[in-house]
Protein chains: 2
Amino acid sequence: MIKANDPSIQSWLDVPENSDFPIQNIPFGVFKSENVSARVGTRIGDHVIDLNALFILGYLDNLPFANTDFNTDSLNKIMKKGKKATTDLRNRISKLFNKENNDLSSNAHHVQQVIFPVERIEMCMPVQVGDYTDFYSSRDHATNVGTMFRDPDNALLPNWLWIPVGYHGRASSIIPSGTAIRRPKGQQKPSENEAPVFGPCKLLDFELEMAFVTFDGKPLGDSISTKEAKDYIFGMCIMNDWSARDIQKWEYVPLGPFLAKSFASSVSPWIVTMDALEPFSIEGPKQEPEVLPYLKYEGNHHYDINLEVGIIPEKSEETVVCKSNYKHMYWNMAQQLAHHSVNGCNIRCGDMMASGTISGPSPESFGSMLEISWKGTKPVKLKDGSERKFIQDTDTVVMRGHCKKDGVRIGFGEVSTKVLPAN
Amino acid sequence: MIKANDPSIQSWLDVPENSDFPIQNIPFGVFKSENVSARVGTRIGDHVIDLNALFILGYLDNLPFANTDFNTDSLNKIMKKGKKATTDLRNRISKLFNKENNDLSSNAHHVQQVIFPVERIEMCMPVQVGDYTDFYSSRDHATNVGTMFRDPDNALLPNWLWIPVGYHGRASSIIPSGTAIRRPKGQQKPSENEAPVFGPCKLLDFELEMAFVTFDGKPLGDSISTKEAKDYIFGMCIMNDWSARDIQKWEYVPLGPFLAKSFASSVSPWIVTMDALEPFSIEGPKQEPEVLPYLKYEGNHHYDINLEVGIIPEKSEETVVCKSNYKHMYWNMAQQLAHHSVNGCNIRCGDMMASGTISGPSPESFGSMLEISWKGTKPVKLKDGSERKFIQDTDTVVMRGHCKKDGVRIGFGEVSTKVLPAN
């Protein structure tokens with residue numbers, strides 16, 4: 001069998017240099033076009049491949065899928081089939097588009113039915129998210145926030161090194177790249193002694209995060225161990241977890257962030273599978289104090305994924321304001337999933353769990369404007385000469401991510417979101 | 001047209017005295033039996049009425065519903081049709097079962113197809129919950145918690161009288177009455193200077209709450225005003241928002257409750273419509289300081305609903321440990337919904353929003369064991385002679401609620417949940 005991750009394999013479809021989507025990637029997403037309703041697809045180079053058409057034409061025979069699994073507006077039905085099925089699907093696609101296989105490539109009529117140029121389609125929200133959880137797993141980020149708002153000498157809260165701290169987020173407002181957002185309105189407290197006021201958020205921020213989506217977990221009352229975790233994770237995307245810092249500051253004690261986050265979280269539209277990311281797994285940091293037994297793990301559960309954030313002022317060019325890496329996480333996905341379910345909480349197909357802001361140790365790797373501008377005290381100069389402490393109306397924020405090793409680059413594409421003025 | 005709330009109307013179905021389900025109620029739920037797959041039903045007295053059968057037999061003609069709206073395992077499809085449609089549906093059912101109407105009652109064969117005795121069916125989860133939000137809207141509860149854990153002289157946090165404080169909860173683990181739960185496991189910190197330990201929760205608690213479910217709201221970026229709120233709320237149920245106090249204490253700073261709540265929230269299976277509850281609406285408390293304009297409201301948005309909680313030790317009788325009332329809420333549903341959406345957060349059909357623990361001013365009306373036993377310092381004596389500070393394994397916790405006025409009683413039935421030992 002062909003190994004879908006083999007660096008030597010090439011596709012009969014052309015793949016531009018430095019593309020995020022070589023044949024070794026084979027991500028899954030949902031696309032539509034003027035003439036075609038939302039359906040499941042994959043991407044090689046700048047070609048989007050219609051998996052519903054592939055299925056109808058018989059190229060996905062003898063896999064445990066039905067037509068309705070692809071002719072649908074989310075990946076949930078294929079994820080519902082579980083890890084083995086989706087791995088087999090990715091391997092089949094790899095085989096079909098391999099240069100050495102002409103089953104499909106020799107049939108020009110079929111090729112025409114199956115392939116869309118990327119500029120002719122629109123990407124949709126890839127997953128119907130059941131529950132969305134946001135973790136807080138970058139030590140540098142938690143330290144920065146604690147230093148700014150609490151005590152630089154005790155920046156980390158007492159539970160942080162023991163618990164992969166997380167909270168429930170809002171699933172309804174997760175949107176795909178390309179969907180503009182409105183600046184949220186809400187209560188802010190201008191100063192200690194003034195009454196709160198209502199109006200558009202003044203401190204709008206991005207948070208550079210990555211998120212994973214799950215297969216069906218176990219029933220209520222059962223738990224997923226760190227050892228089992230990989231069997232329950234389908235893949236990952238980049239997330240911009242939009243944050244309204246002034247709303248957050250006034251509302252979040254004691255029950256956590258609410259309206260400061262629930263107005264939007266933007267995701268990159270292609271879910272890159274854990275199968276594709278496996279070659280980029282690496283060792284994590286030493287965890288001190290030693291974690292409790294249910295959080296211990298074996299093997300590599302961290303991933304070396306280069307990340308960057310750019311700001312594009314309207315009608316201007318992009319300035320990259322952050323270069324970070326997913327490897328900066330303290331708590332990994334296996335630990336997050338084990339913690340999340342250790343109380344018996346049931347995980348369902350299509351749940352989404354985000355990392356929390358991914359900051360590294362140096363200022364250029366900070367994953368939010370809060371940290372980059374250090375609470376607004378250090379404005380960032382953009383290429384057009386303007387400055388930013390936070391995000392302004394009509395700015396577009398773009399996040400990108402990719403892995404690179406042994407000549408293979410596996411990427412996520414981008415999540416790009418324009419901010420419109422408040423209503 | 002017959003008014004479904006008219007106290008004088010009676011059904012040709014017998015209704016026991018003090019039933020929660022007279023013909024003036026007509027709640028909606030999902031039931032199944034050995035021979036019948038999950039479907040939408042309503043209830044009069046101890047008779048469960050199969051709305052799918054009613055539809056097929058033509059009794060729901062000329063309403064905007066399809067067979068698939070009733071032959072399904074949640075109320076989401078009928079809620080998707082919006083307020084007018086569900087109001088018309090309730091009115092039609094009221095008319096059909098009115099003593100003065102024999103369209104259905106005269107056809108014994110049809111009656112047999114449509115009606116199930118309540119003891120022959122099993123109630124299911126009524127709603128497929130998209131997002132679950134838990135508010136914290138009882139002033140007495142917030143004051144009690146603040147007094148116990150912070151400062152009796154400043155028990156309410158500074159934002160509490162300005163903001164209907166709430167947080168995102170876990171939707172996947174909302175379960176219907178009758179589903180047993182397992183005592184959750186998690187991290188607890190025995191004392192300030194000891195390291196955290198892992199094990200079964202020692203301080204398992206109930207929270208007496210009510211929850212409402214929504215129709216489709218507005219698109220992302222728009223808001224629902226307090227004036228519009230009633231058009232977006234379908235109905236209510238009772239909720240037991242299970243809480244693990246020791247897990248909560250160690251995990252909740254700074255991002256709020258997570259594993260302390262996500263192991264289970266139990267709901268009563270019948271959604272009582274806002275149409276049925278309207279006669280029991282009352283004025284709310286004076287809000288001081290004056291709330292911000294987007295939280296002001298006109299009309300009555302509070303409801304007089306008697307609530308009680310009982311503990312049933314295994315093989316023993318029930319002791320009622322709390323008698324409260326939904327009228328004790330400081331923030332009402334219109335304010336909660338307006339606040340939730342004021343930042344542009346989109347509300348979807350099937351979202352569930354809970355009140356937070358409903359405590360009244362006097363100790364017998366406290367809605368959690370935390371408050372009833374005052375952090376375990378005042379154990380409660382049960383009828384069997386045993387004592388409770390918190391909930392023990394094999395205990396069953398029952399919550400009930402009903403309104404009463406002008407000789408009409410509209411009730412919710414109960415939510416009953418047995419606690420099994422930790423795995």
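The values are calculated or read from the model by the stated rules, or taken from the named source; none is laboratory data. In this text, all values refer to a predicted model and were calculated from it rather than measured experimentally. Neighbour counts are summed over all protein chains in view; Cβ atoms, including those assigned to glycine, are modelled from backbone coordinates with ideal geometry.
Below is a table of values for the structure above.
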read-out: Condition check for A:K261: in contact with a helix residue (DSSP H, G or I) (Cβ under 8 Å, 6 or more places away or on another chain), surrounded by fewer than 22 Cβ atoms within 10 Å (Cβ to Cβ) and either within 14 Å of chain B (Cβ to nearest Cβ) or not acidic (D, E) (or both); value: no
read-out: Among (1) out of contact with any strand residue (DSSP E or B) (no Cβ under 8 Å at 6 or more places or on another chain); (2) within 30 Å of B:P421 (Cα to Cα) - the single one B:E364 does not satisfy; value: (1)
read-out: Evaluation of B:G310 against (1) surrounded by fewer than 22 Cβ atoms within 10 Å (Cβ to Cβ); (2) under 26 Å from A:Q248 (Cβ atoms) (one fails), failing number; value: (2)
read-out: Test: B:N71 is under 30 Å from B:L208 (Cβ atoms), in contact (Cβ under 8 Å) with a residue 12 or more places away in the chain and crowded, with 17+ Cβ neighbours inside 10 Å; value: no
read-out: Pairs with Cβ under 7 Å, 6+ apart, first in the stretch B:244-257 and more than 10 Å from chain A (Cβ to nearest Cβ) and in contact (Cβ under 8 Å) with a residue 24 or more places away in the chain, second part of a loop (DSSP other than H, G, I, E, B) and of a type outside the set (S, T, N, Q); value: B:R245/B:L203; B:D246/B:C201; B:D246/B:K202; B:D246/B:L203
read-out: Total residues in the stretch B:325-363, condition touching a His at 6+ places or on another chain (Cβ under 8 Å) and either polar (S, T, N, Q) or not assigned by TED's automatic domain parsing to the domain that holds B:V145 (or both); value: 4
read-out: Hey, A:N332 within 30 Å of B:G186 (Cβ to Cβ), within 14 Å of chain B (Cβ to nearest Cβ) and surrounded by 22 or more Cβ atoms within 10 Å (Cβ to Cβ) or not; value: no
read-out: Hits in the stretch A:293-307 - residues which are crowded, with 20+ Cβ neighbours inside 10 Å and within 16 Å of A:S268 (Cβ to Cβ); value: A:Y303, A:I305, A:L307
read-out: Yes/no for B:I358 being touching a residue at least 12 places away in the same chain (Cβ under 8 Å), under 23 Å from B:V127 (Cα atoms) and surrounded by 22 or more Cβ atoms within 10 Å (Cβ to Cβ); value: yes
read-out: Tabulated pairs, the stretch B:88-102, first within 19 Å of B:V48 (Cβ to Cβ), second at pLDDT 95 or above and part of a helix (DSSP H, G or I), C-beta under 6 angstrom, 6+ apart or interchain; value: B:R90/B:D275
read-out: Test: residue in the stretch A:403-418 that is of a type outside the set (K, R) and within 14 Å of chain B (Cβ to nearest Cβ); value: yes
read-out: Of residues in the stretch A:215-243 being under 30 Å from A:K418 (Cβ atoms) and either of a type outside the set (A, V, I, L, M) or surrounded by fewer than 18 Cβ atoms within 10 Å (Cβ to Cβ) (or both), the one nearest to the chain's Cα centre (by Cα); value: A:C237
read-out: B:S262 part of a loop (DSSP other than H, G, I, E, B), touching a Ser or Thr at 6+ places or on another chain (Cβ under 7 Å) and within 27 Å of B:E414 (Cβ to Cβ); value: yes
read-out: Odd one out for B:F116 among (1) part of a strand (DSSP E or B); (2) facing chain A (nearest Cβ under 9 Å); value: (2)
read-out: Only listed residue being of a type in the set (G, A, S), touching a residue at least 12 places away in the same chain (Cβ under 8 Å) and in contact with a helix residue (DSSP H, G or I) (Cβ under 8 Å, 6 or more places away or on another chain), chosen from B:G186, B:G169, B:G130; value: B:G186
read-out: Members of the stretch A:153-201 found to be buried (at least 17 other Cβ atoms within 10 Å of the Cβ), more than 7 Å from chain B (Cβ to nearest Cβ) and among the small types (G, A, S), listed by number; value: A:A155, A:S177
read-out: Matching residues in the stretch B:133-182 - criterion: being touching a Phe, Trp or Tyr at 6+ places or on another chain (Cβ under 7 Å), among the hydrophobic types (A, V, I, L, M, F, W, C) and in a loop (DSSP other than H, G, I, E, B); value: B:V165, B:A171
read-out: Any hit, the stretch A:103-111, residues being outside any helix (DSSP H, G or I), of a type outside the set (V, I, T), in contact with a His (Cβ under 7 Å, 6 or more places away or on another chain) and closer than 30 Å to A:S11 by Cβ; value: yes
read-out: In the stretch B:339-359, residue farthest from the other protein chains (Cβ to nearest Cβ) [restricted to those that are aliphatic (A, V, I, L, M) and under 18 Å from A:K261 (Cβ atoms)]; value: B:M353
read-out: Residue list for the stretch A:122-144, restricted to those being under 30 Å from B:D351 (Cβ atoms) and either within 13 Å of the chain's Cα centre (by Cα) or aliphatic (A, V, I, L, M) (or both); value: A:M123, A:M125, A:P126, A:V127, A:V129, A:Y132, A:T133, A:D134, A:F135
read-out: Boolean, B:K77 is under 22 Å from B:D406 (Cβ atoms), surrounded by 17 or more Cβ atoms within 10 Å (Cβ to Cβ) and not assigned by TED's automatic domain parsing to the domain that holds B:G413; value: no
read-out: Qualifying residue in the stretch B:248-256 (condition: surrounded by fewer than 24 Cβ atoms within 10 Å (Cβ to Cβ), more than 30 Å from A:E290 (Cα to Cα) and in contact with a strand residue (DSSP E or B) (Cβ under 6 Å, 6 or more places away or on another chain)); value: no
read-out: Complete set of residues in the stretch B:101-132 that are of a type in the set (A, V, I, L, M) and out of contact with any Ser or Thr (no Cβ under 8 Å at 6 or more places or on another chain); value: B:L104, B:A108, B:V114, B:I115, B:V118, B:V129
read-out: Boolean, B:D351 is closer than 30 Å to A:I174 by Cβ and of a type in the set (D, E); value: yes
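Let's see how each residue does on (1) basic (K, R); (2) over 30 Å from A:P27 (Cα atoms):
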site	(1), (2)
A:G186	no, yes
A:K218	yes, no
A:T226	no, no
A:M239	no, no
